[in-house]
Amino acid sequence: MPVGDAALRIGTSGWNYPAGKGTWNGVFYPPSRGRSKTFDELSFYAEHFNTVEVNSTFYGQPRRDVCRKWAERTPPGFEFSIKLYQKFTHPKMVELEPANVFDLDDFKRGIDPIASAGKLGALLAQFPPSFKSDAASLGYLNWLLDAFTGYEVAVELRHRSWSDALGETLSLLKAHGAAFVQIDEPKFRLSIAQNQLPNIPTFYYMRLHGRNAAQWWKHDKAEDRYNYLYSAAELGEFVETVSATRAIVRKAYLYTNNHFSAKSVANAAMIKKQLGEPLGGEYSEEFRARYPDVTAPTAPHAAGVRSSPRE
């Protein structure tokens, strides 16, 4: 049984990791060489989770035809939370000047097929650690949230100045109905402080990036930063938070971003189990061998494993 009344969305940040040491091929997905030409990663992913966070739109504007196909390849009730194009969230690209209105229109037109299909979750505005709370940044954030009025926007801020001025930060977000993204990641001197509490009643947004402090800033490959597997005990704190939050908000999103070798998949599934949510889809022998906690017996309150094509 669900813990609370809020709709619960649990998934991973991205679903396509075909290269590198941390590829999902041969772990969560079949090996590339033995894969059928008709194998569909997104459809397979959607057998396991009811939402996904789209990262590719950070690097380029979303395309209508691609978004339409995503909507068609996922079941009813599935949701996409979409990261904003980096031009909107990395002000050095525009020197704190509002992006061109045509850029905004292009983004909205691009995601429209997902919205029209009733599959649009939140828009994620992820700002860099260098984005500090000052008059110019507050003005820019206010403009950006105004520009996306009508959408559910989740704002990820990472510099400590935003939590040092928490009242001002929350007031701005509340005025726009925007969620303050709660993040778990290695903490450093200038890292934002967070209390994991919801700031608005409409929706809650949490992202787990992993705790690989040793390779967070110094790594050979970018994927190394996300080479971290949360233990069942570590996930317990987030399960408690989400359980309590579901009694307060109407919808809760939780995404795992520790994507190296599909560790995000394992942790998202473990969170579902701890919350008593059924597990859908099939997991390969390789995956189960690497991450035995996913399909092992769980606590008595949980619903256990269910093999089915859709949740």
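The values are calculated or read from the model by the stated rules, or taken from the named source; none is laboratory data. In this text, all values refer to a predicted model and were calculated from it rather than measured experimentally. Backbone-built Cβ (ideal geometry, glycine too); neighbour counts: all protein chains shown. With ligands, DNA and RNA removed, areas are computed over all heavy atoms of the protein, side chains included. Shrake-Rupley method; radii C 1.70, N 1.55, O 1.52, S 1.80 Å.
When segment 167-183 is examined, which residues are found to be open to solvent by 20 Å² or more (accessible area, probe 1.4 Å) and not small (Gly, Ala, Ser)? First the steps, then the outcome.
Initially, segment 167-183 is screened for residues open to solvent by 20 Å² or more (accessible area, probe 1.4 Å), giving 167-168, 170-172, 174-177.
Matches in segment 167-183: Glu168, Leu170, Leu172, Lys174, His176.
For every residue, the table says whether it meets (1) β-branched (Val, Ile, Thr); (2) touching a residue at least 60 places away in the same chain (Cβ under 8 Å); (3) in a helix (DSSP H, G or I).
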| residue | (1), (2), (3) |
| --- | --- |
| Lys187 | no, no, no |
| Pro198 | no, no, no |
| Tyr205 | no, yes, no |
| Arg211 | no, no, no |
| His219 | no, no, no |
| Arg225 | no, no, yes |
| Leu229 | no, yes, no |
| Leu235 | no, no, yes |
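Would you be able to tell me the number of residues in segment 6-65 that are polar (S, T, N, Q) and part of a helix (DSSP H, G or I)?
Residues that pass the stated criteria total 3.
Within the set of pairs 6+ apart or on separate chains, which have a first residue in segment 153-170 that is more than 11 Å from Thr89 (Cβ to Cβ), a second that is part of a helix (DSSP H, G or I) and of a type in the set (Phe, Trp, Tyr), and C-beta atoms under 6 Å apart?
Close Cβ pairs (under 6 Å, with a partner that is part of a helix (DSSP H, G or I) and of a type in the set (Phe, Trp, Tyr)) amount to Thr169/Trp162.
Determine whether segment 187-196 contains at least one residue that is open to solvent by less than 60 Å² (accessible area, probe 1.4 Å) and closer than 17 Å to Ser81 by Cβ.
No.
Would you mention how many residues in segment 164-208 are small (Gly, Ala, Ser) and touching a strand residue (DSSP E or B) at 6+ places or on another chain (Cβ under 7 Å)?
2
Identify the residue in segment 23-55 that is under 24 Å from Leu124 (Cα atoms) and small (Gly, Ala, Ser) and, among all such residues, is least open to solvent (accessible area, probe 1.4 Å).
It comes out as Ala46.
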